[in-house]
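No value in this document is a laboratory result; all are computed from the given coordinates. As the structure is a prediction and not an experimental result, all values here were calculated from the model. Every residue, glycine as well, gets a Cβ built from its backbone with ideal geometry; the counts of neighbours run over all protein chains shown.
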Amino acid sequence: MISKTQSDKLNCTTNLRFTRNARTAWEIVLRSVSSRFKPKVLLPAYIGYTDREGSGVFDPIEATSSEYAFYGVTRNLGIEMDPFEEHVRSGKVNIALVIHYFGFCRNDMNRVRSQCDEYNVTLVEDCAHTFNLGLKGRKLSNYGDFSFFSIHKYLPTTCGGILKVNTARFDLEPHRDLEGAPTTVLEQYAISDYEEIYRRRINNFKLYESLLPRHEGLEILFELKGEDIPQSFPVRIKSGRRKDLYFYLMKKCMPTTALYYQLITQIARNEFPLSYEISNEILNLPLHQDITSDDVSRICAQIDEYFQVHSKAV
C-alpha cells in the first residue's frame, strides 16, 4: 500500500546518536563491542587528565575494565606507524583508537584502515576536536567503524557529544539514564551555521600564522591542510616557559589553555619521552568563532612582548 505521508524514521538519515558528551559516546562503543569480545584497546600515548574533569578518553577504558596498550606519537601528534602496525598484527588488540588532536589529522588514514581490516581490528576515530559534520566531502570520521564528537568544543553549550556509526557489525546499547544530550544542546546544534563557524576558525588560524612572532622559544605545531578545521591554535613554548607565559597572558585578560598538560600516569615517561616533552610545552591559543581579528592581534602582540622582555632579562 502506498503511504499517504512519510513514516520511515530511518529513511534519508545519518546514523548519529546524540550523547551527554564525547566520553559517553566512547563508553557506549566499548560496552557495545563487549557483547562480542572483551575490549583490548590500542591507544595513542598522548592522553591527558585533570583533577577536575578526569580523562575523557581513558576514563571509559577503566569504567569498562578494558585492556589496553599504547603506541607512540610523532612530533606533530601523528601515529608512529611501525609500532602501531606491530600492535595490530600481534593479535593482542581488537580496537584501535586514533585521535585527531586539536582538529588536525597527520596520519595516512587509508593505511590505518587497511591494517585494521586485514587483522580484524575495530577502528574508532576520536573527532572531539574535529567537528566537520556540517561539510560535504569530508573523509575524517568516515574511516572508523565508529567516530565520536564533542559538541561543546565547537558550539556554545556546556555539554553534548555525538556518536557516528559507520558499521553494521555491532548492535549499540541503548542510552542509560542521563547519557543523552539535553534538548538545549540539540537546539543549538540545529540552528548553528557550520560553514560560517569553520570560516571564522580557519581565518583566525591564518591570522595567527601571519602575526605570531618568530621567536626561538615558540614553535607553531601545525600548518593548515585540506580537511583541517582547527579547534585551537596549538604552539609549543620552549625552555620551561609555558607556565610563565600562560599566567602572563591570564594577567592580561587573555586566557589560553594547555590541553594535555598532564598525561595519565599509565603512559610511561621512559617509554614515551616525546609525549611528555610535548605535554610540558603545549599551549593552545583561542580561535573560536567569537574571537575577532583584533583579539588575535592583541594576543600576538602580548606574546611578542613577553619574549622580548624575557630575552632582555636573559
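Extending each Cα 7 Å along its Cβ direction at residue 86 and residue 276, get the distance between those two points in nm, one decimal.
Result for the modelled spin labels: 2.0 nm.
If amide hydrogens are placed 1.01 Å from N in the peptide plane, which non-local residues have theirs closer than 5 Å to the one on residue 180?
Here 20 satisfy the definition.
Calculate the all-directions average of the projected area of the chain's alpha-carbon convex hull, and give it in nm². Mind dumping the intermediate values first?
Values: hull surface 75.9 nm².
For the chain, averaging the hull's shadow over all directions gives 19.0 nm².
So which aspartates and glutamates can residue 92 reach, going by Cα to Cα under 13 Å and dropping same-chain residues fewer than 8 places off?
Those aspartates and glutamates meeting the cut-off are 67.
Using θ = phi - 60° and the Karplus relation 6.51 cos²θ - 1.76 cosθ + 1.60, list the HN-Hα couplings for segment 176-189 in order, rounded to whole Hz, with x at every Gly or Pro.
Karplus values, whole Hz, x for Gly and Pro: 8, 3, 6, 8, x, 6, x, 4, 4, 5, 5, 5, 5, 4.
Where does segment 194-313 land on Rg/Rh, using Cα atoms and the Kirkwood Rh? Walk me through the intermediate numbers first.
Numbers: Rg = 14.9 Å, Rh = 15.2 Å.
Across segment 194-313, the Cα-based Rg/Rh ratio is 0.98.
Of the candidates 166, 204, 270, which one comes out as most mobile in a Gaussian network treatment of the chain with C-alpha springs shorter than 10 Å?
270
Enter the Cα centre distance for the pair segment 51-74 and segment 243-314, rounded to the nearest angstrom.
After rounding, the separation between the Cα centres reads 24 Å.
Over segment 137-239, what is the relative contact order in whole percent, taking alpha-carbon pairs under 8 Å and six or more residues apart?
It comes to 21 percent, rounded to a whole number.
List the aspartates and glutamates whose alpha-carbon lies under 17 Å from that of residue 164, not counting same-chain residues fewer than 8 positions away?
Here the aspartates and glutamates satisfying the reach criterion relative to residue 164 are 27, 125, 126, 145, 173, 179.
Pick from 86, 281, 209: which is most flexible by mean-square fluctuation in a GNM of the chain where alpha carbon atoms under 10 Å apart are linked?
The residue with the greatest mean-square fluctuation here is 86.
Separation between the residue 196 and residue 75 pseudo-spin-labels, each 7 Å from Cα along Cα→Cβ, expressed in nm?
Between residue 196 and residue 75, the label points sit 4.0 nm apart.
Exactly which trypsin sites (Lys or Arg not before Pro) in segment 156-236 are in a DSSP loop and have at most 11 other Cβ atoms within 10 Å?
Answer by residue number: 169, 214, 225.
Roughly how many debye, to the nearest 20, is the charge dipole of the chain about its Cα centre, given +1 on each Lys and Arg Cβ, -1 on each Asp and Glu Cβ, and no other charges?
Its charge dipole is roughly 180 debye.
How high is the relative contact order of the chain, in percent, with contacts defined as C-alpha pairs under 8 Å that are six or more residues apart?
20 percent
Tell me which of 112, 204, 261 sits at the most positive position along the dipole axis of the chain, charges placed on C-beta atoms (Lys, Arg +1; Asp, Glu -1).
Checked the options; the winner is 204.
In terms of modelled amide H atoms, which long-range or inter-chain residues lie less than 5 Å from the amide H of residue 233?
Amide H neighbours of residue 233: 285, 287.
Obtain the nm distance between the two label points defined at residue 169 and residue 254 by a simple spin-label model: each point lies 7 Å from its Cα along the Cα-to-C-beta direction.
4.8 nm
Nearest 500 deg cm²/dmol is fine: what mean residue ellipticity at 222 nm does the chain get from its DSSP H runs of n ≥ 4 alone, each adding -39,500 (n - 2.57), divided by its residue count?
-10500 deg cm²/dmol
With r defined as the distance between the Cβ atoms of residue 4 and residue 209 and R0 fixed at 45 Å, what FRET efficiency is calculated, to the nearest 0.05?
0.20
From the Cα gyration tensor of segment 254-314, with a ≥ b ≥ c the square roots of its eigenvalues, which class applies: rounded if a/c is under 1.5, or else prolate if a/b is larger than b/c, or else oblate?
oblate
Normalised by the number of residues in segment 1-147, what is the relative contact order in percent for Cα pairs under 8 Å and 6+ residues apart?
Reported relative contact order: 19 percent.
Looking at segment 253-314, which trypsin sites (Lys or Arg not before Pro) are in a loop (DSSP not H, G, I, E or B) and have at most 16 other Cβ atoms within 10 Å?
Listed in order of number, the matching sites are 269.
Calculate the dipole size of segment 178-242 relative to its Cα centre from +1 charges on Lys and Arg beta carbons and -1 charges on Asp and Glu beta carbons; express the result in debye to the nearest 20.
Numbers: 10 positive and 11 negative charges, 110 e Å.
Its charge dipole is roughly 520 debye.
Which entries in 38/225; 153/206; 139/243; 9/153 show an alpha-carbon gap greater than 31 Å? Write down the numbers at each step before the final one.
On the way: 38/225 37 Å; 153/206 20 Å; 139/243 36 Å; 9/153 29 Å.
Too far apart for the 31 Å limit: 38/225; 139/243.
If you split all Cα-Cα distances of segment 16-191 into 5 Å bins from zero, what percentages do you get per bin, shortest first?
Per 5 Å bin, starting at 0, the Cα pair percentages come out as 1, 8, 18, 23, 22, 16, 8, 3, 1, 0.
Where nothing but the Cβ of Lys and Arg (+1) and of Asp and Glu (-1) is charged, how large is the charge dipole of segment 1-52 around its Cα centre, in debye to the nearest 20?
140 debye
For residue 173, enumerate residues with amide H under 5 Å from its amide H, sequence gap 5+ or separate chain, H modeled in the peptide plane.
Amide H to amide H, under 5 Å and 5 or more residues apart or across chains, residue 173 pairs with 32.
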